[in-house]
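**Student:** Sharing a structure here in structure tokens format.
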Amino acid sequence: MKLPLSWLKEHTPLTDSPQRVADNLIRLGHEVESIEEPRTAVKGVRVGLIQEMKPHPDADKLKLLKVDIGETEPLAIVCGASNMEEGDKVPVATIGTTLPNGLKIKKGNIRGEISFGMCCSEVELGVAEDAAGLLILSIDAPVGVEVGEYLELEEAVIDLDITPNRGDCMSARGLARDLAADYDLPLIEPGDELAKEDVSMSSPDISVSAKLDCPLYLARRIEGVTVTDSPDWMKARLIAAGQRPVNGVVDVLNYTMLDLGQPMHAFDADTLNGNLQVRVTKVGEGFLTLDGRDVPLNEGDLVIADDDNVVALAGIMGSEPTGVTGKTKNIILESAAFCAALISTTRRTYGLVSESSMRFERGVDPAMIAVAMNQATHMILGLFGGQASAVSETGDAEALIKNRSIAVNMKRIESRLGIAVPDSADAVLSRMGFGIVRKPSDAGDQLEIQVPSHRHDISIAEDISEEYARVIGFDAIPEVLPALTTIKPCKVDTAISSAVALGFVQVINYAFISFDEQRLFSAADDNDIALKNPISEAMGVMRRSIWPGLLNTAKYNLNRQQSGVALVEQGRTYTRKGAIHQECNVIAWLMTGEAQRDEWHTDARQADFFDLKGAIEVWLASRGLVARFMADDEEASDRMSDGMMGLQAGQRAKIFIGKSVVGHIGKVDAGIADGFDIEMPVYVASMNLDALPGGKQLKFMPLPEFPGVERDLVFLFDRDTRAEDIVQAARKAGGKLLTDVRIFDRYTGKGVPEDKISLGVRLELQSPEKTLTQDEVDAVSAAMVESMNQRFGASLRG
């Protein structure tokens, strides 16, 4: 936000230099981005009188001028403008002057004629965005004086970045209030003389059905206005503040907003049909914005409407058909309070950003709503004529203006700040509008703080501490580290780094997804945590699975000529459990496309289930853990648990450590992958890090001194026997001599009954103490055969 220093001085009598004022604003917590000095920027540009003008001998569009700037001899200047005449007074940039656009004026030769300066337009002076020619000054402008002084250009314009919590400072009065309190200067109150009302005129009829979203609404009718351009002083001030002049009435409202912080709007009364209504939208309604956009509205948006149409999106923007133009004769002024959160939501939904919406989002001072209406009315009547009706008011202004109270302990504030709070700080806060009552006690003074109506950001004791801090000055707080107790160092979380070491690329996605994406991998139940104020529909609910985000990332990369992706993300998932919510620390993987590129020695290979399973097994091994993967062939249903939904039957499994399920792995259903425009098979997995037990500590194992023995056994099993169950049973039966067991062969066909399957089980046996005898190996084999028979009814093949 840009604000001329002269505007601040109209609210409090500042005498400090612009730099000192900016420094104090920074100390008070306001970020100053720059200080512009428009008057200094045109130093060297002087008022000149055109004494003589004749055509350039070698250029039809150029003129040769003799210009008097108060020196002994007039300047010869070559000029390309066409809107001047002999006797006109114009700004003349003399040699050596650097203009606001960076152009440095030098002596030049233009088509054979020497030019000793340049005549300027508003654009070159930096006071307008465009111009039709030279700036023609008043005939009474003194020749030779600095143009910056004659035009009364601003001494300084301060460019600030107002933080979102300080909506009260998005105006000249708001910033002046802070400065006046800090400097111990008076804050000049707005004029209290009421605008003259025509008792014969009827006030506008208004109705407010959305009272919670619009607790106060004021409207006034003004008839017989003549809408012309606003006066030059107002245009100049608006331009300096970064605003574009539109027409007299609109400029007055923008001026009032920048002056007092209260956004207002004006309707062309003759374009309205019936009474004004503040209500929520109905199905199918829309409106044409002032900037020419045709916006279809959602049901439930807060709008201003007449009997037939929506005429404004409340607090954001008016409609083009009801806007004030040069032909407008009768207007209706609006000054109101709207719900900040609702304005914020609506603004983001439609991408409509306005100076009005930025202020309503941050909260406006309800005490200024009527004051702004009165000031704007005074200015319109004084500048453009007309007669004003009485104000129609709906809502309770007194209830909005009523101060809030916060109790806080001064000793606690001083402990938090690390410095004693001087009594003078109370006086500064009082001048800022706070009411302070001290009640001495043994535990430190108890403060009863009355928060003024313009400070919507003050609600808890910590906010009061911050106010004292900025009044004292953050630089005054000593840079001393607090005393810290010795604590045990936190264990480093290696979950993501271990996955990256295996070749996966770490990604970080938002924790918000769309409701449609939520349903892909989570049941439709009451466990979603929906956002009340989402950024967009695509980010409306807290995720219960990380997989949708990974799928979107995979889609993005595959669309950019990546032949395959291997992604990993660690983050939290969010689930409602009754009245509370539960967060889980989760790591998730995704593989799709090429797992191995084509090389001279081999062909490309697509990723499959076992690539991802193997990576997870290695990842678990790095943490000292061993998992079991148990296939889950349950048919998909809405009752399926989170983690299994969205995975293809026959290619999904639960991941067990001990008896606990710690994760899931599987192939994404083809229909879901198609929804992300991924045609290749996609494999995903997730692990609940909170559910993982501590792994075994690695310890040194000497190399075996004695040889091992391998023994292969081939069994006939029922076809539905799980391989994992066979391996677990073999480990249990093998005893201490069994170092490894795996299934090395699978056969169906000739010699094997149709309901059976032949599986070869390889045993690796070894003793750290001696060479195994034949009898010891046979004993383990016999125990294995008996275990397979008892557990699965399996028989040993000959």
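The values are calculated or read from the model by the stated rules, or taken from the named source; none is laboratory data. Nothing here was measured: the structure is a model prediction, and the numbers come from that model. Every residue, glycine among them, receives a Cβ derived from its backbone with ideal geometry; neighbour counts consider all protein chains shown. The accessibility values were calculated without ligands, DNA or RNA, using every heavy atom of the protein model including side chains. Shrake-Rupley method; radii C 1.70, N 1.55, O 1.52, S 1.80 Å.
**Student:** Say the cut-off is 22 Å between C-alpha atoms; which of 2/327; 736/770; 491/659; 211/329; 696/732 go over it?
**Tutor:** 2/327; 491/659; 211/329
**Student:** Using alpha carbons only, what's the Rg to Rh ratio of segment 190-292 with Rh from Kirkwood?
**Tutor:** With Rh from the inverse mean 1/r over Cα pairs, Rg/Rh is 0.98.
**Student:** Return the lysines within reach of residue 107: Cα separation strictly under 29 angstrom, same-chain partners fewer than 8 residues apart disregarded; answer none if there are no such residues.
**Tutor:** Qualifying lysines at Cα under 29 Å: 43, 54, 61, 63, 66, 89.
**Student:** So, with a 1.4 angstrom probe, what is the percent of accessible area on segment 635-789 that is carbon and sulfur?
**Tutor:** Accessible surface attributable to carbon and sulfur in segment 635-789 totals 50 percent.
**Student:** For residue 157, what residues show an amide H to amide H distance below 5 Å, using hydrogens built from the backbone and excluding near sequence neighbours?
**Tutor:** Sorted by chain and number, the residues that satisfy this are 5, 36, 37.
**Student:** Can you list the aspartates and glutamates whose alpha carbon is less than 16 Å from that of residue 106, not counting same-chain residues fewer than 8 positions off?
**Tutor:** Residue 106 reaches 124.
**Student:** Something else now. Between segment 219-246 and segment 122-199, how many Å separate their Cα centres?
**Tutor:** That distance is 13 Å.
**Student:** Under 19 Å between alpha carbons, and skipping anything fewer than 8 positions from residue 577 in its own chain: which lysines qualify?
**Tutor:** Leaving aside lysines fewer than 8 places away in the same chain, those within reach of residue 577 are 532.
**Student:** For segment 251-292 and segment 295-373, what is the separation of their Cα centres, given in Å?
**Tutor:** Centre-to-centre (Cα) distance: 5 Å.
**Student:** Step through the residues of segment 9-26 one at a time and calculate ³J(HN,Hα) from phi using the Karplus curve (6.51 cos²θ - 1.76 cosθ + 1.60, θ = phi - 60°), rounding each to whole Hz and writing x for Gly and Pro.
**Tutor:** Using θ = phi - 60°, the values come out as 5, 6, 9, 7, x, 6, 10, 5, 5, x, 5, 5, 4, 4, 4, 5, 4, 4 Hz.
**Student:** Of the GluC sites (Glu not before Pro) in segment 24-80, which ones lie in a loop per DSSP and count no more than 13 other C-beta atoms within 10 Å?
**Tutor:** Here the GluC sites (Glu not before Pro) that fit, given the DSSP loop and packing criteria, are 71.
**Student:** Okay, moving on. HN-Hα J couplings of segment 266-278 from phi, Karplus 6.51/-1.76/1.60, θ = phi - 60°, integer Hz, Gly and Pro as x?
**Tutor:** Residue by residue, segment 266-278 yields 10, 9, 6, 4, 6, 9, 8, 10, x, 7, 7, 10, 9 Hz.
**Student:** Beyond 28 Å between alpha-carbons counts as too far, so tell me which of 667/699; 613/699; 282/402 fall in that bin. It would help to have the intermediate numbers written out before the result.
**Tutor:** Values: 667/699 36 Å; 613/699 26 Å; 282/402 34 Å.
Over 28 Å apart, Cα to Cα: 667/699; 282/402.
**Student:** Follow-up. Once phi is turned into θ = phi - 60°, what whole-Hz ³J(HN,Hα) does the Karplus curve with 6.51, -1.76 and 1.60 give for every residue of segment 457-465, x standing for Gly and Pro?
**Tutor:** 8, 9, 9, 10, 4, 4, 5, 5, 4
**Student:** Collect residues whose amide H, placed 1.01 Å from N in the peptide plane, falls under 5 Å from the amide H of residue 285; neighbours closer than 5 in sequence don't count.
**Tutor:** 297
**Student:** Could you work out the local net charge near residue 406, counting Lys and Arg as +1, Asp and Glu as -1, over the other residues with Cβ closer than 11 Å to its Cβ?
**Tutor:** Details: positive: 404, 455; negative: 448, 462, 463, 467.
Net charge around residue 406: -2.
**Student:** Hey, another quick one. Report the relative contact order of the chain, percent, no decimals, based on alpha-carbon pairs under 8 angstrom and at least 6 residues apart.
**Tutor:** 8
**Student:** Now, a different point. By how many degrees, 0 to 90 and rounded to 10, does the Cα axis of helix 248-260 deviate from the longest principal axis of the chain?
**Tutor:** On a 0 to 90 degree scale, this one is about 70.
**Student:** What is the ratio of the Cα radius of gyration of the chain to 2.2 N^0.38 Å, with N the residue count, to two decimals? Show your work: numbers first, answer last.
**Tutor:** On the way: Rg = 39.2 Å, N = 798, 2.2 N^0.38 = 27.9 Å.
My calculation over the Cα atoms of the chain gives 1.41.
**Student:** On to the next question. For residue 108, which sequence-distant residues (separation of 5 or more, or a different chain) have an amide H within less than 5 Å of its own amide H, given hydrogens modelled in the peptide plane?
**Tutor:** Under 5 Å from the amide H of residue 108: 115, 117.
**Student:** Just the number please: accessible area per residue for the chain, 1.4 Å probe, all protein chains included, in Å².
**Tutor:** Details: 40550 Å² over 798 residues.
Per residue, the chain has an accessible area of 51 Å².
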